[in-house]
Amino acid sequence: MKAKRITDHTDFQKALQIRKEIFVQEQRVPIEDEFDEYDTLDGQCEHVLVYYNEEPVGTGRIRIIDSFAKAERICVLKPYRKLGLGKIILNTLEEIAKEKGIVQIRLHGQTQAENFYKKLGYRTLSDVFIEANIPHVLMVKDLSTK
């Protein structure tokens with residue numbers, strides 16, 4: 001199972017709705033902090049959707065910054081967590097980075113998800129910092145060894 005790359009406006013709106021439900025409604029991130037200039041289909045980021053029983057239930061995006069990729073906005077709707085869908089999203093984002101010749105991926109992981117990322121090969125590089133009123137850590141993974 002793989003996440004689907006978003007190529008049309010309909011799927012993009014589904015992804016934005018999932019993010020709104022999780023980050024804005026569930027985690028109380030201010031809406032102006034959640035959505036930014038990278039929320040477009042113009043190629044600045046690649047966005048993905050993951051499905052469960054034909055329903056879109058998770059999303060994430062990847063952005064290339066200089067020589068590394070940054071995985072962002074990774075989330076899965078609450079009833080579908082613990083099914084391995086977050087791993088599918090992240091694996092798909094990593095595949096996109098590798099296709100672009102990128103050998104390192106970074107992310108700002110919420111501290112409550114730090115162990116999830118560690119199980120997938122990410123290392124913590126920072127102390128805890130606050131982003132959108134939520135504790136995060138900078139994490140990194142070398143993609144050249146896979």
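The values are calculated or read from the model by the stated rules, or taken from the named source; none is laboratory data. Treat the numbers as computed from the prediction; the structure is a model and nothing was measured. Ideal geometry is used to build each Cβ from the backbone, glycine not excepted, and the neighbour counts take in all protein chains shown.
Observations, loosely collected:
- Of all the residues in segment 41-64, those that are in a loop (DSSP other than H, G, I, E, B), of a type in the set (S, T, N, Q) and either at positive phi or in contact with a Cys (Cβ under 9 Å, 6 or more places away or on another chain) (or both) number 1.
Yes or no, residue by residue, for (1) surrounded by fewer than 15 Cβ atoms within 10 Å (Cβ to Cβ); (2) at pLDDT below 95; (3) assigned to a loop (DSSP other than H, G, I, E, B):
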residue	(1), (2), (3)
GLY109	no, no, no
GLY121	no, no, yes
VAL140	no, no, no
LYS146	yes, yes, yes
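- Residues that are surrounded by 22 or more Cβ atoms within 10 Å (Cβ to Cβ), within 20 Å of THR7 (Cβ to Cβ), of a type in the set (Val, Ile, Thr) and without any contact (Cβ under 8 Å) to a residue 60 or more places away in the chain within segment 58-89 comprise THR59, ILE62, ILE74, listed in sequence order.
- All positions within segment 25-50 that are surrounded by fewer than 17 Cβ atoms within 10 Å (Cβ to Cβ), of a type outside the set (Asp, Glu) and more than 21 Å from LYS98 (Cα to Cα): GLN25, GLN27, ARG28, PRO30, ILE31, PHE35, THR40
- Of the listed requirements (1) out of contact with any strand residue (DSSP E or B) (no Cβ under 7 Å at 6 or more places or on another chain); (2) not in a strand (DSSP E or B), TYR38 misses just one: (1).
- On the stretch given as segment 90-101, residues that are within 15 Å of GLY121 (Cβ to Cβ), of a type outside the set (S, T, N, Q) and surrounded by fewer than 20 Cβ atoms within 10 Å (Cβ to Cβ) total 2.
- Members of segment 1-35 found to be assigned to a loop (DSSP other than H, G, I, E, B) and either among the charged types (D, E, K, R) or within 16 Å of ALA71 (Cα to Cα) (or both), listed by number: LYS2, ALA3, ILE6, ASP8, ARG28, PHE35
- Residue within segment 78-97 that is under 16 Å from GLN13 (Cβ atoms) and in a loop (DSSP other than H, G, I, E, B) present: no
- Single residue of segment 127-138 satisfying the filter (assigned to a loop (DSSP other than H, G, I, E, B) and under 25 Å from VAL103 (Cα atoms)) that is farthest from the chain's Cα centre (by Cα): ASP127
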